[in-house]
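The values are calculated or read from the model by the stated rules, or taken from the named source; none is laboratory data. Computed from a prediction, not measured in an experiment: that's the story for all the values here. Counting neighbours? That spans all protein chains shown, and the Cβs are built from the backbone with ideal geometry, glycine included. To get the accessible areas, we keep the full protein, side chains included, count just its heavy atoms, and leave off ligands, DNA and RNA. Shrake-Rupley method; radii C 1.70, N 1.55, O 1.52, S 1.80 Å.
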Amino acid sequence: MRFNQVLIRDTEGERRLEINQLPLRLGTATDCEIRLPGPGNNAVALIDELDGQPFVQPTGRAASLQINGDTLTTSRRLDAGDELAFFGSRIIVGSDGDALLLQVRLEDSAYVTRPPELDTTDVAEETIAPTAFQRSSDVRTETQAPARFRWQTAVGVAIGVLLAISWVLFTSKSIQFEVQPESPDDVSVSGGWFRLPIGNRILLREGAHTAHVTRVGFYDVDQDFVVDDTPSQTIRIEMRKLPGELTVTTLPVVDAIVTVDDTRVGQAPYGPLELEPGTHSISVSADRFLPFSDRLEVPGLGIQQRYEVQLIPRWANVDIESEPSGATVYQGETRVGETPLRLELMEGSHTLSVVRDGYKAWDGTVVAAPNEHQALPLIELEPANAQLLVNSIPRGANVTVNGRYRGQSPITLALSPDVNYEIGLSKAGYGSATRQVRLESAASEALTVDMTARVGKVTVSALPADATVYVDGRSRGTGTITLNLSSAPHRLEVRKDGYQTFARTVTPRPGYPQTIQVRLLSDAEVAARGTSNTATTSQGQVLRRIEPGSFTMGASRREQGRRANEVIVPITITKPFYIGTREITNREFRKFRPNHVSDNGLHASLAGDLNPVVNITWEAAVEYCNWLSAEEGLPLAYEKKFEKWQPVEPVPDGYRLPTEAEWVWAIRYQARSSAQTFPWGPRLPPRRDSGNYADKSARELVPTIIPGYDDGFASTAPVGTFPANALGIYDGGGNVAEWVQDYYSVPTPGQVNPVLDPTGPRRGSNRVIRGSSWRHAGVAELRLSYRDFGNNGRPDLGFRIARNAK
C-alpha cells in the first residue's frame, strides 16, 4: 500500500501530514502525534515508511500494543484493514486516495470515563405546573431544621475511601529489586503515580518505570523496567565498579616510559590513569636501567593508587687507577678520561686501554654486572724506551696497535723494544693499511702511510641541461657530468633558478658505477600539479587524485597487535583513481535518503549534519554511490544480480566505494614508498588532537579508552575536524571505520608476484571494513593495517566515495 500523505481522524477532527513529517510517535506522552489514554508518559511505537510502504515499530519495552490481536514485538508492515489496540483504544488502518488513513477510536478505552447510562423504561411523563407568584411581604421566612443522620454520610465516605485504597493496594504489583553487589546506598523508582515501599519490596501499578540505584564506588544505574499483570516480579540490577586511578612514579626520577596492558601510556611520573577493576600488567623502561615488569591488582571503586617503581641501574661503577696517574683511558675507540677515573660501564664485556706518553700501553677486558661496583687493581705502567711517530696522508686516520685503538694520526706511540707490532690505519673513503714494526731499545722512528682513496664513479644526468650540479656544496659542472668520488657519503644537489631544487645523499661504491638521472620541475609545473589533483562532485564533495604505485598489504608477524588476517601480499595499482578526502556526512546522505537516522538513540552527536553518516549497511552505501552517479549522468557502478548488489565489470566511471587496495595505498601508504603503523606515526600513544578515538569523553559509551587521551568528542566528530594526512585525506584513522568494496577473505600466505589492481573475491558473505573509529582504543584496532568485516550497520561505521581517473 503506497502513499504520499497521512490522514489522521480522531476526536479532534482530521489532520493531514506530509510523508517527510514521518515518523509519527504513538503513545501516552504529550509530544506524541497520536496520543492515546493509558499508563505512563512515553511513546510505545513509531509509524514510518520504507520504500513507500508504511510500517509500525515498537519502542522501549512497550508490551501492551497489539496488532490484529497479537502483541507487537517487532517491526510490521501495515496494510488496509489492520487494527492496532492499546488498552482498548483502537487505530484502524485504511486508505483515502493516495493518503494513509489512521482512524483513532477511543470509545472502548479502559482509561476513558464514560457518562452514566440512565434507565428510562417505565418512566411516565410528568406535567410541571406553574407556581403562583407571591409578593415578598406575603412570604414568611422558614427555618429548616438541621439534617439528621450526618454521621451516616461521613461513615459512608470513609468506607468508600477505604474501599478505593484497598482496591489500589490489592490490584498493585509487588516488586523486589535484587541488586548485585548487595547493600546499595539508595534505590528509588520513578514513573507512574503510585508507589508504596513495604519492607524490601515496593508496590507499583502496571506500566513503565525506571529504577535509580546508587552506591559509592560504582556507576549510578538507571534501569527501565515494565510492571505487567504478574502479581510479583523480581528486577535484577547489576552495578559496575568505577575504574581505579593509578599513578606510576620511579625512583630515581628519570625519563622512563610506562606501559600498561601492552599499551604505551606515557612518561613517568604518569597519572592518574583510569583502569578498570582487575589485574593489569605494568612495565617501565628507561635508558641505562634494567627493564621492570609486574602485575598489579586494581580494586577500582574510584580508589587512587600510587605505584613506585625502584629502578635498578644497568651499569656498574668501575674505578681505574694507574701508576703514574694522568694516563688516558680509551673504551674501544672512545676517549673516556684520565686516571684516576670512576667509569660507568653498561652490563657486558668492554675493552679498555690505558695510554701515557713514554710508557707502554695497558690493554684489558672488563666484564660489568648491573649495579655491582668494582675496582680494578692498580695499573702499573712500564716505561717504554722506544717510540714510533705515525703519520698518514691525509691526516686523521684511526691508528691501532695489535688491533687496539690508540688515537688518530699524527700520533706518537710508546712501544717496547724487540717486540713485533702490527700498526693499523683506516679512514672513511680510503683503504685501510697495516704495517709490521719492531723497534730496538731507545729507538725513535717515524712511519708515514699514504692512504689510497677508494673512489667510485658517479654520473649525474640533469635536465634542463644548464642546471648546476653541486657535491658537498661545491659546484662541479652543469648538465651531464661523471665524477670520481671517495667512498664516503656525499651531499648531491642540482639547482636552477625558477625550478625546484633536487637534493639527496649518495655513497659511491668502488667498482660499481652509479647513474643518477634528475629532471627538475619548474615552479609553474609544481603549481599546476597542485591544482589539478582534485575533483569535485555535484554535491560539493572533494576527491583527491591518487597516482598508481606498488606496495605491500598486510603486516609483519613481528608487528605488535598484528592479526592473523593481515597476510602480506604484494600489490600493484596500475591506474590512477580518485578518493574522497572526507567521509560522507549525514547531511549529504539525507539528500538521498531523507528519513535516515544515524543516532538510533545512542548519542545525539551521531546525527549531526556535518558528522559522518553511520548505522548504514554496505548495500545502502553503494545505493548512495549509484544515486550520486545518476545525479551527474554518469554510468552506474553497481547492478543488482539475484537481489544482491554487485560491481559492474569492467569498472565504469561512476561513483563507487574504494577497493581495499586503493584504501590502503591512499590512507596507509599515502601514495609513498613506506607505510605508517598508526595514523599519527610509528608508536603509541597518539599525539594530542591526532584523531577521534575512544577517549575520556567516550567513557560512558565504550568499554575501554586510550589512557590519558582526550579529543573532546564522545562519539563522532564533524568530518575534517582533525589534521589530514600528506595527501589531504581526513579521518583515515578514527571517527568512523569505513566500508570498502571487496568481499572479505584471508589471503593465501607466500605470494611473491604482485597482484594487479585487486578487487577481492568474486563472492562471499561479508564485506571488508578498514580503519579505526571513535570506539577503538586497542593497539590492534588503531593500526592502519587492521582489517575487519561485517554485513550490518554500526554506530561507528560509515564510508567515503571513489571513482576512476583518466
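Condition check ((1) crowded, with 17+ Cβ neighbours inside 10 Å; (2) of a type in the set (Ser, Thr, Tyr)) across all residues:
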site: 748; (1), (2): no, yes
site: 755; (1), (2): no, no
site: 763; (1), (2): no, no
site: 772; (1), (2): yes, yes
site: 779; (1), (2): yes, no
site: 782; (1), (2): yes, no
site: 787; (1), (2): yes, no
site: 798; (1), (2): yes, no
site: 804; (1), (2): no, no
Say we look at the stretch 160-177 and pick out the residues that are open to solvent by less than 90 Å² (accessible area, probe 1.4 Å) and of a type in the set (A, V, I, L, M); which of these is nearest to residue 223 (Cα to Cα)?
175
Just wondering, is there one or more residues in the stretch 472-485 that are small (Gly, Ala, Ser), more than 52 Å from the chain's Cα centre (by Cα) and closer than 25 Å to residue 399 by Cβ?
no
Restricting attention to the stretch 547-565, which residues are under 14 Å from residue 677 (Cα atoms) and among the polar types (S, T, N, Q)?
552, 556, 560
Answer residue from the stretch 749-802, given it is within 14 Å of the chain's Cα centre (by Cα) and assigned to a strand (DSSP E or B) and is nearest to residue 697 (Cα to Cα) among those
797
Can you pull out the residues in the stretch 50-96 that are touching an Asp or Glu at 6+ places or on another chain (Cβ under 7 Å), part of a strand (DSSP E or B) and open to solvent by 60 Å² or more (accessible area, probe 1.4 Å)?
57
Restricting attention to the stretch 353-370, the residues that are surrounded by fewer than 17 Cβ atoms within 10 Å (Cβ to Cβ) and either touching a residue at least 60 places away in the same chain (Cβ under 8 Å) or among the basic types (Lys, Arg) (or both) number exactly 1
The stretch 644-666, residues that are small (Gly, Ala, Ser) and buried (at least 22 other Cβ atoms within 10 Å of the Cβ)
661, 666
Please tell me if residue 719 is buried (at least 21 other Cβ atoms within 10 Å of the Cβ), in a loop (DSSP other than H, G, I, E, B), out of contact with any His (no Cβ under 8 Å at 6 or more places or on another chain) and modelled with pLDDT of 90 or more.
yes
Could you give every pair whose Cβ atoms fall below 6 Å, whose first residue belongs to the stretch 609-636 and is without any contact (Cβ under 8 Å) to a residue 24 or more places away in the chain, and whose second residue is small (Gly, Ala, Ser) and in a helix (DSSP H, G or I), counting only separations of at least 6 or pairs across chains?
636/629
Does residue 543 fit the bill of being over 25 Å from the mean Cα position of the chain (by Cα) and of a type in the set (A, V, I, L, M, F, W, C)?
no
Of the criteria (1) at pLDDT 90 or above; (2) over 22 Å from residue 719 (Cβ atoms), which one residue 776 fails
(2)
Got at least one residue in the stretch 626-643 being within 17 Å of residue 769 (Cα to Cα), among the aliphatic types (A, V, I, L, M) and surrounded by 15 or more Cβ atoms within 10 Å (Cβ to Cβ)?
no
Filter the stretch 248-260 for residues that are modelled with pLDDT of 85 or more and either surrounded by fewer than 17 Cβ atoms within 10 Å (Cβ to Cβ) or under 22 Å from residue 288 (Cβ atoms) (or both) and give the result.
248, 249, 250, 251, 252, 253, 254, 256, 257, 258, 259
Please determine whether any residue of the stretch 225-240 is within 26 Å of residue 706 (Cα to Cα) and part of a strand (DSSP E or B).
yes
Quick check on this structure: which one of 606, 610, 602, 543 is at pLDDT 90 or above, hydrophobic (A, V, I, L, M, F, W, C), closer than 30 Å to residue 623 by Cβ and open to solvent by 40 Å² or more (accessible area, probe 1.4 Å)?
610
Restricting the stretch 620-678 to residues that are among the small types (Gly, Ala, Ser) and assigned to a helix (DSSP H, G or I), the residue that is modelled with the lowest pLDDT:
630
Take residue 282 and tell me if it is among the aliphatic types (A, V, I, L, M), in contact with a Leu (Cβ under 7 Å, 6 or more places away or on another chain) and at pLDDT 90 or above.
yes
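For (1) part of a strand (DSSP E or B); (2) open to solvent by less than 80 Å² (accessible area, probe 1.4 Å); (3) in contact (Cβ under 8 Å) with a residue 60 or more places away in the chain, each residue gets a yes or a no:
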residue	(1), (2), (3)
297	yes, no, no
301	no, yes, yes
307	yes, yes, yes
317	yes, yes, no
329	yes, yes, no
336	yes, yes, no
342	yes, no, no
345	yes, yes, no
351	yes, yes, no
Please find, among 443, 375, 368, the residue that is closer than 30 Å to residue 312 by Cβ and out of contact with any Leu (no Cβ under 8 Å at 6 or more places or on another chain).
375
When you scan the stretch 591-615, how many residues do you find that are among the polar types (S, T, N, Q) and under 18 Å from the mean Cα position of the chain (by Cα)?
3
How about the stretch 388-495: which strands (runs of 3 or more DSSP E) wholly inside it have at least 1 residues that are within 19 Å of residue 359 (Cα to Cα), in contact (Cβ under 8 Å) with a residue 40 or more places away in the chain and open to solvent by 80 Å² or more (accessible area, probe 1.4 Å)?
444-450
